[in-house]
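Written out below as structure tokens is the structure these notes cover.
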Amino acid sequence: PVDKPVTFAVFDVGEGLAQAVVTDGKTVLFDMGLPEEYPKWKAQFEGLGRPFIEAIAISHDHLDHWGGLQRLDTGFAWTGLVLASQYEDTAFIRSAVPQWRDRIRFRTVVAGDTLASLNGVELRCLWPPDASGDSLFSSDTLKNRYGMVFLIKNGLTGAIITSDVDSIAERALSLREGTGLASEVMVVPHHGSACSLDPVFYGYVRPRTAIISCGTGNQYGHPSIQVLLWLSQMGITTTQTSHDGGIIMETNGYCWNR
């Protein structure tokens, strides 16, 4: 067993996404949900013990992923480090967070980078690949496709965070990573959208637990019935924040427990 357990939380932030990896009183946050859901996010974060925030990763600039950052209290202990891909407008993010403007700093992360923020926990970026051409990513669809994907490894256990990547990105990830995608826990891509269902990708990840972050009665119909059927046919235990609230998993390096 590891010296200190690792907690992985998927917050209930309605039709948005917010996650945290916590160990030894420190955390890395992955997205922060919609700004109007910030009070719910804050209550759940404080339920984790208000860990020191080493970094906040913003997968892409859709409001349901980064909007909560706009309202982050200056009373929280945070280094000010924001992890973003090369396709994000960091000047815009800085201007939208005036309470942290003088303390915020950015680090560009691309596929292959490993974060050394939490002792004993490997946080490896799998996507997007290192490329250039900011104008290429002007549409909402492409912003989803090139959102950041992270693999969390602790001992023999793993979890994968997939943001809003679509089936094209998933197929590319399958070609790049293959069996390296295997994870016991998966946050289902794009709130369970049908456009993010690629059987090859799901087959490589082959999670035991799938977590879908979505809002009750959302206008997009998330999660898709096709995604739920596929997960069921694979024998994967599925949970939704819209039904179960925030999901907290803990690992001792050998297995995950909820």
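Miscellaneous remarks
- Any chance residue 187 is open to solvent by less than 60 Å² (accessible area, probe 1.4 Å) and in contact with a Leu (Cβ under 6 Å, 6 or more places away or on another chain): no
- The stretch 73-87, subset within 18 Å of residue 114 (Cβ to Cβ) and hydrophobic (A, V, I, L, M, F, W, C), residue surrounded by the fewest Cβ atoms within 10 Å (Cβ to Cβ): 81
- Residue 118 meets all of the listed conditions (1) outside any loop (DSSP other than H, G, I, E, B); (2) modelled with pLDDT under 95; (3) within 26 Å of residue 212 (Cβ to Cβ); (4) not aromatic (Phe, Trp, Tyr) but one, namely (1).
- Test: residue in the stretch 246-255 that is free of Cβ contacts under 8 Å to residues at least 60 places away in the same chain and in contact with a helix residue (DSSP H, G or I) (Cβ under 8 Å, 6 or more places away or on another chain): no
- Subset of the stretch 38-72 [free of Cβ contacts under 8 Å to residues at least 60 places away in the same chain, open to solvent by 10 Å² or more (accessible area, probe 1.4 Å) and in a strand (DSSP E or B)]: 52
- Check on residue 5, more than 10 Å from the chain's Cα centre (by Cα), touching a residue at least 40 places away in the same chain (Cβ under 8 Å) and surrounded by fewer than 17 Cβ atoms within 10 Å (Cβ to Cβ): yes
- The stretch 88-97, subset open to solvent by 10 Å² or more (accessible area, probe 1.4 Å) and of a type in the set (A, V, I, L, M, F, W, C), residue farthest from residue 169 (Cα to Cα): 96
- Listed conditions (1) touching a Lys or Arg at 6+ places or on another chain (Cβ under 6 Å); (2) without any contact (Cβ under 8 Å) to a residue 40 or more places away in the chain are all met by residue 97, apart from (1).
- Just so you know, in the stretch 204-233 the residues that are within 20 Å of the chain's Cα centre (by Cα) and in a helix (DSSP H, G or I) include one that is surrounded by the fewest Cβ atoms within 10 Å (Cβ to Cβ), and it is 228.
- Residues of the stretch 10-37 that turn out to be under 18 Å from the mean Cα position of the chain (by Cα), under 19 Å from residue 73 (Cβ atoms) and surrounded by fewer than 22 Cβ atoms within 10 Å (Cβ to Cβ), as a count: 2
The values are calculated or read from the model by the stated rules, or taken from the named source; none is laboratory data. Computed from a predicted model, the values in this text were never measured in an experiment. Cβ: placed from backbone, ideal geometry, glycine included. Neighbour counts: every protein chain shown. Just so you know, the surface numbers come from the protein's heavy atoms only, side chains and all, with ligands and any DNA or RNA stripped out. Shrake-Rupley method; radii C 1.70, N 1.55, O 1.52, S 1.80 Å.
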